[in-house]
Amino acid sequence: MKKLTLTISILCFGVILAAFSPITNNTQPLKVSKEEIHSKMLNSINYFKSAKGNFVYSDNTGIEYTIDYHVKTKDNPSSVVTMTDHGEKSTQSFNEKSSLIIDHEKEVYNELAVPQNFSKEMWAHLDKEDKKPKARYQKENGEKVYVHYVDPTQMGIAQDSLYPQSIAMGFLEDYDQWEITDVLSKENGGLHKLDTVVIEGTLNDYYQKKHSAKTFKLWVSKNTGILINYEEYNANGDVVISQITTSIKLNQNVKDRIANPAVPKNYKKTEIY
């Protein structure tokens, strides 16, 4: 009987200890440095095999359009990108065989043959490039030059999200003018189930004048450098420019290449600029 009493006492003591012991969380907070996320944005095309989704761009001048994209970066790079601008739709596509532009409003198209091994040569060139941010800022004849790397997929305007090297070069050049304000895991607040880095900063004089904005906020995929969302604000804190991803799926099964869309039979072939 004494042995049973001792056992019960030990169990009760263990329950009391458990009640007052803090619950430990073994999940480590996500961390990222400024240089790391800057580099990821400048070289994002290296960090995903395919992407399918869409985003909406708008600003306070009345410009608003939707971009739908399907992009494959490796092994026969290819892309199909459609812009819908106030009901007017145009599509551009690219693969190792041909480049196609379709203007659905004017019912015209233009298709050109792609030089043999074009994408393979572009990737070979890209693989040799310096991935460090400082490599993008150079000088020629005393003038600052921003170095853009090639896009083997020829994804066009979809670059604004999937390969945001222009925004990364312009907005993040001065590390004293921006901060990483949050890093959200895909399970806890990350956008579109992606680990998300939140960046907030002040635009340089050039962008303040060009965009009539003062500050900005970026939501960036931590692992790929894809720009998921971004907003620019005026001095009153009002949004003057925004780009919002409505859907995105990465690295899903993709065929050997993304086929060019079919051109309607009544469309005429012409030069499109």
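The values are calculated or read from the model by the stated rules, or taken from the named source; none is laboratory data. These numbers were taken from a predicted model, which means no experiment stands behind them. Counting neighbours? That spans all protein chains shown, and the Cβs are built from the backbone with ideal geometry, glycine included. Surface accessibility is based on the protein's heavy atoms, side chains included, excluding ligands, DNA and RNA. Shrake-Rupley method; radii C 1.70, N 1.55, O 1.52, S 1.80 Å.
Computed quantities for the displayed model
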| read-out | value |
| --- | --- |
| Enumeration of residues in the range 50-71 that are over 23 Å from Ser99 (Cβ atoms) and of a type in the set (S, T, N, Q) | Ser58, Asn60, Thr61 |
| Test: residue in the range 31-52 that is in a strand (DSSP E or B), within 22 Å of Thr224 (Cβ to Cβ) and open to solvent by 10 Å² or more (accessible area, probe 1.4 Å) | yes |
| Matching residues, the range 82-113, being more than 18 Å from Ala262 (Cβ to Cβ) and in a loop (DSSP other than H, G, I, E, B) | His86, Gly87, Glu96 |
| Residue list for the range 130-171, restricted to those being open to solvent by less than 60 Å² (accessible area, probe 1.4 Å), assigned to a loop (DSSP other than H, G, I, E, B) and either over 28 Å from Lys249 (Cβ atoms) or touching a residue at least 40 places away in the same chain (Cβ under 8 Å) (or both) | Lys131, Val147, Tyr149, Asp151, Pro152, Thr153, Met155, Tyr163, Pro164 |
| First in the range 252-269 and over 20 Å from Lys49 (Cβ atoms), second anywhere and exposed (fewer than 12 other Cβ atoms within 10 Å of the Cβ) and of a type in the set (Phe, Trp, Tyr), Cβ under 9 Å, 6 or more apart | none |
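This table checks each residue for (1) at pLDDT 90 or above; (2) of a type in the set (Asp, Glu).
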| position | (1), (2) |
| --- | --- |
| Thr7 | no, no |
| Ile23 | no, no |
| Ser50 | yes, no |
| Ile63 | yes, no |
| Thr66 | yes, no |
| Val80 | yes, no |
| Asp85 | yes, yes |
| Glu88 | yes, yes |
